[in-house]
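Q: The structure's right below; bear with me while I get my questions together.
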Amino acid sequence: MTCIFCEIVRGNAPAFKVHEDDHTLTFMDIFPVSRGHALIIPKDHFENLFEANEESLARIVTRSLALAKAIRRVIAPDGLGVYQLNGAAAGQTVFHYHMHLIPRFKGGRLDLHSRVRGKDADLEAVSREIAAALEAG
Ligand code: 5GP
Ligand code: ZN
């Protein structure tokens, strides 16, 4: 069974990338719950928290700090949800570990998933804005 996130890591599937290093990849969720909804993944495949090692987790958390600040600068949300689902019963739908960063607004719904695919032009634009904010530190 092929893993869509491994395919993205290998460059065999497209993604609107925001950041990449030796161990992690950050890209836009293709069904964004709100503008700026991003995912951070380890390049190595493991299914979820229960199969993770501490080093990989630490790298993801470290990336989440820089990404959170970049998203805050670009989107200026009222809040930022950081989520990570483990197992289908918890709502996990892609079985390659990932952390969601989702901008949230006062009075808004707290959905974790959307059924509406983002428009490529919007996803690309926001990925560039967040990447630029990351670069700027
Ligand atoms: P989970 O439900 O497993 O926590 O989250 C999986 C997320 O991956 C969902 O929010 C879904 O929209 C997103 N997703 C599923 N397939 C793709 C894809 O091919 N590309 C991107 N960028 N995101 C995807
Ligand atoms: Zn994978």
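Q: Between Leu65 and Met1, what's the calculated FRET efficiency when r is the beta-carbon distance and R0 is 25 Å? Round to 0.05.
A: 0.15
Q: Something else: Out of residues 5 or more away from Val18 or on other chains, whose amide H comes under 5 Å of its own, with H placed 1.01 Å from N in the peptide plane?
A: Hits under the 5 Å cutoff: Thr26, Phe27, Met28.
Q: If you don't mind, another one. Read phi for every residue in region 75-83 and hand back ³J(HN,Hα) as whole Hz from Karplus 6.51 cos²θ - 1.76 cosθ + 1.60, θ = phi - 60°, with x for Gly and Pro.
A: 9, 6, x, 6, x, 9, x, 10, 10
Q: So, one more: Would you work out which of Leu57, Ala76, Thr93 lies farthest towards the positive end of the dipole of the chain? Charges go on Cβ: Lys and Arg +1, Asp and Glu -1.
A: Toward the positive end, the furthest listed residue is Ala76.
Q: Further question on the same structure: How charged is the neighbourhood of Ala13? Take every other residue with its Cβ under 15 Å from the Cβ of Ala13, and add Lys/Arg as +1 and Asp/Glu as -1.
A: Result for the local shell: 0.
Q: Let me ask something else about it. Taking the alpha-carbon centroid of each part, what is the distance from region 92-125 to region 42-65 in angstrom?
A: Each part reduced to its Cα centre gives a spacing of 19 Å.
Q: Calculated from DSSP H runs of 4 or more alone, at -39500 (n - 2.57) each and per residue, what is the 222 nm mean residue ellipticity of the chain, nearest 500? Before the final figure, lay out the partial values.
A: Numbers: 3 runs with 46 residues, N = 137.
It lands at -11000 deg cm²/dmol.
Q: Under the definition of Cα pairs under 8 Å and six or more residues apart, what whole-number percent is the relative contact order of the chain?
A: Across the chain, relative contact order equals 32 percent.
Q: Still on this structure, I have one more. Go through region 7-14 residue by residue and turn each phi into a ³J(HN,Hα) via Karplus (6.51, -1.76, 1.60, θ = phi - 60°); whole Hz please, and just put x for glycine and proline.
A: Ordered by residue, 3J(HN,Hα) equals 5, 5, 4, 7, x, 8, 10, x Hz.
Q: Which FRET efficiency value, to the nearest 0.05, is calculated for Leu57 and Asp111 with the Förster distance at 30 angstrom and r the Cβ-Cβ distance?
A: 0.75
Q: Further question on the same structure: With a ≥ b ≥ c taken as the square roots of the eigenvalues of the C-alpha gyration tensor of region 4-136, please select rounded if a/c is under 1.5 and otherwise prolate if a/b is larger than b/c or oblate if it is not?
A: Rounded is the answer for region 4-136, as its axis ratio a/c remains below 1.5.
Q: Defining a contact as two alpha carbons under 8 Å apart and six or more residues distant in sequence, what relative contact order in percent does region 1-53 show?
A: Relative contact order comes out at 26 percent.
Q: Per-residue counts of other Cβ atoms within 10 Å, averaged by peptide: what ranking do you get for 112-124, 55-67, highest first?
A: Result, highest mean first: 55-67, 112-124.
None of the figures in this text is laboratory data; all of them are computed from the coordinates on show. This structure is a prediction, so every number in the text was calculated from the model and none was measured. Ideal geometry is used to build each Cβ from the backbone, glycine not excepted, and the neighbour counts take in all protein chains shown.
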